[in-house]
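For reference, the structure is listed below as structure tokens.
The values are calculated or read from the model by the stated rules, or taken from the named source; none is laboratory data. Since this is a predicted model, take the numbers as computed values, not measurements. Positions of Cβ are generated from backbone atoms using ideal geometry, with glycine treated the same way; all protein chains shown enter the neighbour counts. The accessibility values were calculated without ligands, DNA or RNA, using every heavy atom of the protein model including side chains. Shrake-Rupley method; radii C 1.70, N 1.55, O 1.52, S 1.80 Å.
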Amino acid sequence: MSDPRITSSIFTRGAVDLSALRSPAPSPTPAPAQSGPPAAGAPAGAHAVVDVTEANIQAEVLERSLATPVVVFFGAAGYPESDQFAPVLERLAAEGAGTWVLARVDVQTNPRIAQMFRVQGIPMVYAVVGGQPVDAFSGVVPEPQLRQWIQAVLKAGGVEVAAPEDPRLDEADDALMSGDLDAAEQAYRKILAETPADAAAEAGLAQVGLARRVAGTDPRAALDAAAAAPDDVDAQLLAADIEVLSGLAEQAYQRLVGLVRRTAGEDREKARQHLVGLFTIAGPEDPAVASARRALASALF
């Protein structure tokens, strides 16, 4: 389940033996019952963050994870990376509004829990679903990757989650729509540096390239030129770009598949790469892309 764009998972299912934690523990002194609204100034979703000790780990982590995914954070005050990362997790837990629970473990006061989870350094984070750890990573990771990891944890717990909005993409898309191609390219490349293989950013970057290729072109004249010279590779590529921008993507794909069939060597590879670049704009889930990929494979082999 680990996102390889975060870190390599250090967890192997079954490697953590939590059986000792399931033994009866002394019951903590019950907290006074509270009534009425949350205290003024309490952050939304504050109930999604709990401090865990041996006394309550069975209830707050093992039993709670049977219904709600639990993210267990191992840290300690006074350690820079731990102090830096804890507030990020706490904020995301508050945003989650109860869809998952952040369980904080102070390794200095709870060394036995850290030992059972095989914590060798802090900060360290485990996901517990259905009473069992399902994934883990160590160290500090950027917030975008952390959000993706949490989304994967929620899916593993059977929680339906909507794809979160990414303000970075909004900024990049706004620049593209306003015609500021340099700013859009910079924004998309920044996303890809932080989140490699982000499909939306790859599609946006491909759109920037498309916009640059057709800038200043007379669409009608370009299409007429391509019709008059079917073996002119550059003319066909430009015509395909214009067709994609005109909402005729399938027609563009057919044009370039035909060009691949008729050419060889460098011209053929140029046409193939251009077609694959146009696929990136639409995304792999587009039925027209799937059909065109099959046609391209047939043309190549």
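Positive end of the dipole of region 176-248, charges at C-beta (+1 Lys, Arg; -1 Asp, Glu), about the Cα centre: which of A235, A193, S246 has its Cα farthest in that direction?
Selected residue: A193.
Determine the dipole magnitude for region 56-113: charges of +1 sit on the beta-carbon of Lys and Arg, -1 on that of Asp and Glu, nothing else is charged, the reference point is the Cα centre, and the result goes in debye to the nearest 20.
The calculated dipole for region 56-113 is roughly 120 debye.
Of all the accessible heavy-atom surface of region 181-301, with the other protein chains kept in place and a 1.4 Å probe, what percent is carbon and sulfur?
Summing carbon and sulfur atoms, their accessible area is 53 percent of the total for region 181-301.
Using DSSP to define loop residues, name the GluC sites (Glu not before Pro) in region 228-301 whose beta-carbon has at most 11 other beta-carbon atoms within 10 Å.
Hits after loop and neighbour filter: E285.
If you average the C-alpha positions of region 97-136 and of region 70-87 separately, how far apart do those two centres end up, in angstrom?
11
Applying the Karplus parametrisation 6.51 cos²θ - 1.76 cosθ + 1.60 with θ = phi - 60° to the phi angles of region 76-90, what ³J(HN,Hα) value in whole Hz is obtained for each residue in order, glycine and proline being reported as x?
Each residue of region 76-90 in turn: 7, 5, x, 9, x, 5, 5, 5, 6, 7, 4, x, 5, 4, 5 Hz.
Tell me, what is the 1.4 Å probe accessible area of M124, in Å² to the nearest 10?
Solvent-accessible area, nearest 10 Å²: 10 Å².
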